[in-house]
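Visitor: To start, I am sharing the structure in question, which I have written as structure tokens.
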Amino acid sequence: MASQILLLTTLLAITCSLVVAFEPSPLQDFYVANATSLVLRVNGLPCLESKLATAEHFFFSGLHIPRNTSNPVGGKVTPVNVAQIPGLNTLGISLARIDYAPMGVIQPHTHPRATEILTVLKGKLSVGFVTSSPENKLISKVLKKGDVFVFPVGLDHHQQNLGSETAIALSSLSSQNPEVYIISN
Ligand SMILES: *[C@@H]1O[C@H](CO)[C@@H](O)[C@H](O)[C@H]1NC(C)=O
Ligand SMILES: *[C@@H]1O[C@H](CO)[C@@H](O)[C@H](O)[C@H]1NC(C)=O
């Protein structure tokens, strides 16, 4: 009995010290991604030595430019994630511009690593997501310019332009690399 109590106490002590040691926040200001650098890798891509970082590592230009939506679904996503801005490495955030042709869609898909918060900049969108089983409930809404909607991490979601003109949205995502799984066209 005494040895069992000792074992339990020891296990508890180990567990508690692990919990205390866990640090979820970044422990440096940034870790600029650099594929050719072998200096350091921290929960993401290989990193540049921080003294070599410049403004260009934290910069992207051209998100105001309308994108070509002449494709079978009539929707075009322009991602701005760690692939475009290496300074996003380890920071847990990214964004995307989305262009929609009249009646164009972004077909049902999920982001396994990110919650998405979408802002309509122009037009009228029908948006929605499906909750996980057993409910599998569709939660949807029609959005107009200035409206904001959230797609919780991992859930199947979609958008459709209901207007007769092009629509534009800006999405923020809680991962440097949200990843996309298309569920259906
Ligand atoms: C990546 O790192 C290498 C070696 O440190 C450096 O020469 C190169 O300019 C870096 N690339 C970028 C895009 O910063
Ligand atoms: C848009 O994309 C389509 C299909 O790829 C192409 O035929 C068309 O020329 C493009 N339009 C512009 C303005 O780039």
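Every read-out reported here was derived from the displayed coordinates using simple, explicitly stated rules and does not represent laboratory data. The shown structure was predicted, so the numbers you read here are calculated from the model rather than taken from an experiment. When we count neighbours, we look across all protein chains shown, and the Cβ atoms used for this are built from the backbone with ideal geometry, even at glycine.
Visitor: Spin-label point model (7 Å from Cα, Cβ direction): what's the Val148 to Leu121 distance in nm?
Guide: 1.6 nm
Visitor: Can you pull the three principal axis extents for the Cα set of region 102-153, in Å, largest first?
Guide: Here the spans come out as 34, 20, 17 Å, largest first.
Visitor: OK, next. Using every pair of alpha-carbon atoms in region 65-182, split the distances into 10 Å bins beginning at 0 and state the percent of pairs per bin, rounded to integers.
Guide: Here the calculated profile for region 65-182 is 15, 46, 33, 6, 0.
Visitor: With +1 on each Lys and Arg Cβ and -1 on each Asp and Glu Cβ, and nothing else charged, work out how big the dipole of region 65-182 is about its Cα centre, in Debye to the nearest 20.
Guide: 280 debye
Visitor: State the extension gain, in nm to one decimal, for the chain segment bounded by Ser70 and Ala83, taking 0.36 nm per residue of separation less the distance between their alpha-carbons.
Guide: Residue separation times 0.36 nm, minus the Cα-Cα distance, leaves 2.3 nm.
Visitor: Starting from the 7 Å offset along Cα-to-Cβ, what nm value, one decimal, do you get for the label separation of Phe58 and Thr36?
Guide: For the pair Phe58/Thr36, the computed spacing is 2.4 nm.
Visitor: Using r as the Cβ-Cβ distance of Ser132 and Ser172, and R0 as 25 Å, what FRET efficiency do you calculate, to the nearest 0.05?
Guide: In this case the efficiency is close to 0.65.
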